[in-house]
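To start, the structure itself, in C-alpha cells.
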Amino acid sequence: MGKIPQRVEQITQHAGGQTAQNGDAARRNKLPVLSEAANEMRRRIEGLIFLVLFGLTIPVANWLASNFGIFCVPNGPCLIWVAPGLMTASGVLMVGIALVLRDLVQRRLGVVVAAVAVFAGAAISAFLAPPALVIASTIAFLVSEYADLAVYTSLARQRFVAAVLASSLVGLVIDSILFLWLAYGSLEFLAGQIVGKTLMIVVSMPFVMWLNSRDERLGLAPA
C-alpha cells in the first residue's frame, strides 16, 4: 500500500516539472515576438526624432547665418573660424549635421520617407532663404541631399558607418560647389564651406558608431 502514495507523488512531480517546462518554452517563444514589437516601436520613435531634427537644421542654419559669429558682414552672413586663417558662414555647420540626420532618417523610416523629407526640406529652405539666395539654397539642398541618398543607399547594407561618412562627404562637396557658384558665381570660399561641414560630420560620427553598435546588440535591423 505504501507504494501507491509514492507513485502518485512521482506522477505529480513529473506533471509539475512538465508544466514548468511548457511554461518556460511558451515564454521563450513569446520573447522574439515581444522583442520585435519593441524594436519596431523604437525604430519609429527614433525615426521621428531624427526626422524632426533634420527639419530643424534648416531654420537653425538660417538663424545662425544671421545672428551667430565672430562678426557679421553688413547685409551678409555671420562668420566663424573653422581653421587657422579660414572662415565661413556659421550656418554651414548645420548642413553637415543635416546630411548625417538624413541618413539616420532613412535607416529608421526607409528610403521613401527620407526622399520625401528631402523634398520638404528644400521647400522649407526656399521659404526661409533670403530672396537673393532662394534658387541657390534650394537647388544646392535638393541635389546634395539626393546625392547623399544615392550614395548611402548603395553602401548602407554592407557598412552603415562607412555609408554615412561617404555619403555625407559627397553631399557636402556638392552642396558647397553648387551653392557658391549659383549664389556668387565664384568658388572663392569653397575651402571654408567644406571644412566647416566636414567638422560637423566628424563630430557626429561617434554617435553614428554608437548607434550602429547598439542596433547590432538589440538586433534592430534597418527599415
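Couple of notes before you dig in:
- When region 52-81 is filtered for residues that are over 18 Å from Thr138 (Cα atoms) and among the β-branched types (Val, Ile, Thr), the ones remaining, listed by number, are Val52, Ile70, Val73, Ile80.
- Checked against the criterion of being aromatic (Phe, Trp, Tyr) and surrounded by 21 or more Cβ atoms within 10 Å (Cβ to Cβ), the candidates Phe119, Phe54, Phe68 yield just one match: Phe54.
- The residues listed here are Trp181, Trp210; of these, the one that is over 19 Å from Thr57 (Cβ atoms), surrounded by fewer than 17 Cβ atoms within 10 Å (Cβ to Cβ) and within 14 Å of the chain's Cα centre (by Cα) is Trp210.
- Unmet criterion (only one of (1) without any contact (Cβ under 8 Å) to a residue 24 or more places away in the chain; (2) surrounded by 23 or more Cβ atoms within 10 Å (Cβ to Cβ)) for Gly91: (1)
- A single entry from Thr153, Thr57 fulfils the requirement of being in a helix (DSSP H, G or I), of a type in the set (Ser, Thr, Tyr), modelled with pLDDT of 95 or more and in contact with a Ser or Thr (Cβ under 9 Å, 6 or more places away or on another chain): Thr153.
- Test result for Val116, farther than 30 Å from Pro84 by Cα, at pLDDT 95 or above and either acidic (Asp, Glu) or out of contact with any Leu (no Cβ under 8 Å at 6 or more places or on another chain) (or both): yes
- Matching entry among Gly110, Gly85, Gly76 (being out of contact with any Phe, Trp or Tyr (no Cβ under 7 Å at 6 or more places or on another chain), surrounded by fewer than 17 Cβ atoms within 10 Å (Cβ to Cβ), over 15 Å from Gly171 (Cα atoms) and in contact (Cβ under 8 Å) with a residue 60 or more places away in the chain): Gly110
- Gly171 of a type outside the set (D, E, K, R) and at pLDDT below 95: no
The values are calculated or read from the model by the stated rules, or taken from the named source; none is laboratory data. Computed from a predicted model, the values in this text were never measured in an experiment. Note that each Cβ is placed from the backbone with ideal geometry, even for glycine, and that neighbours are counted across all protein chains shown.
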